[in-house]
Amino acid sequence: AQSVTQPDIHITVSEGASLELRCNYSYGATPYLFWYVQSPGQGLQLLLKYFSGDTLVQGIKGFEAEFKRSQSSFNLRKPSVHWSDAAEYFCAVVVDYKLSFGAGTTVTVRA
Amino acid sequence: NAGVTQTPKFQVLKTGQSMTLQCAQDMNHEYMSWYRQDPGMGLRLIHYSVGAGITDQGEVPNGYNVSRSTTEDFPLRLLSAAPSQTSVYFCASSRDGSGSYEQYFGPGTRLTVT
């Protein structure tokens, strides 16, 4: 069963505009949640993670994400996108020692 | 500190051949894992290990074997390659045996089975 859903396969955003990527998870307890980014032809890099505590977490490269238990969501945001943010973004959750990924959202940045 | 290294970067196999994808980490991490990445499916866990001598199956283990004789190395063996195993394979490691901390990923191995 898929533990993580990313509803948007592809998003196009203008440089300087804001970005929000959606992530929903299905897990009873408070999960360990992650956002990873993959640039073309590269491995994955961690943007941010949520384990507990403050539901708004800050990450690298100006990204932030908000954990909302009531909505089972962990959406990723960036106020102003740069051309270098064009990449594929993956939401992931750890359940029983296993990291489960969403299918990913590809972000295209137009000038 | 090289992090997580994978060899080879590219490989082409014929159906029925066997091979081993190598993965090593120099961070003394307890947890190591293998994923395959296919378009539109994200990364799927093949096998993982919570420490030397301990391995377990992930979501898509069929056709793959692993072993963990040392903390540093976690090779993935394809027993009899099939075209369905054409994919990009990533190895990852994490400092804690639970896998709940950040996983560090290798650069990947692109495998084509003809």
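Of the residues that make up region B:47-59, is at least one closer than 29 Å to A:L33 by Cβ, open to solvent by less than 50 Å² (accessible area, probe 1.4 Å), away from every other protein chain (no Cβ under 11 Å) and in a loop (DSSP other than H, G, I, E, B)? No - not one qualifying residue is present in region B:47-59.
Considering B:P8, B:P75, the condition of being more than 11 Å from every other protein chain (Cβ to nearest Cβ), over 29 Å from A:K49 (Cα atoms), surrounded by fewer than 22 Cβ atoms within 10 Å (Cβ to Cβ) and of a type outside the set (K, R) is satisfied by B:P8 alone. Quick check on A:A103: is it part of a loop (DSSP other than H, G, I, E, B) and open to solvent by less than 40 Å² (accessible area, probe 1.4 Å)? So A:A103 fits the description; yes. Would you check which residues across region B:31-46 are open to solvent by 10 Å² or more (accessible area, probe 1.4 Å) and more than 15 Å from B:L111 (Cβ to Cβ) and list them? If the condition is that a residue be open to solvent by 10 Å² or more (accessible area, probe 1.4 Å) and more than 15 Å from B:L111 (Cβ to Cβ), then B:G40, B:M41 are the ones that fit.
Among the residues making up region B:92-108, those that are crowded, with 20+ Cβ neighbours inside 10 Å, within 7 Å of another protein chain (Cβ to nearest Cβ) and on the phi < 0 side of the Ramachandran plot are B:Q103, B:F105, B:G106. Would you point out the residue of region A:68-84, among those that are free of Cβ contacts under 8 Å to residues at least 60 places away in the same chain and under 11 Å from the mean Cα position of the chain (by Cα), that is farthest from A:S14 (Cα to Cα)? Here the residue is A:S73.
The set of residues in region B:23-50 being touching a Gly at 6+ places or on another chain (Cβ under 9 Å) and on the phi > 0 side of the Ramachandran plot consists of B:G40, B:G42. All of (1) assigned to a loop (DSSP other than H, G, I, E, B); (2) open to solvent by 20 Å² or more (accessible area, probe 1.4 Å); (3) more than 10 Å from chain A (Cβ to nearest Cβ) hold for B:A81 with one exception: (2).
Looking across region A:88-111, the residues that are away from chain B (no Cβ under 14 Å) and either closer than 18 Å to B:R36 by Cα or at pLDDT 95 or above (or both) come down to A:V107, A:T108, A:V109, A:R110.
The values are calculated or read from the model by the stated rules, or taken from the named source; none is laboratory data. Note that this is a predicted model, so its numbers are computed, not measured. Here the Cβ is made from the backbone with ideal geometry for all residues, glycine too, and neighbour counts use every protein chain on show. Note: areas computed on protein heavy atoms with side chains; ligands, DNA, RNA excluded. Shrake-Rupley method; radii C 1.70, N 1.55, O 1.52, S 1.80 Å.
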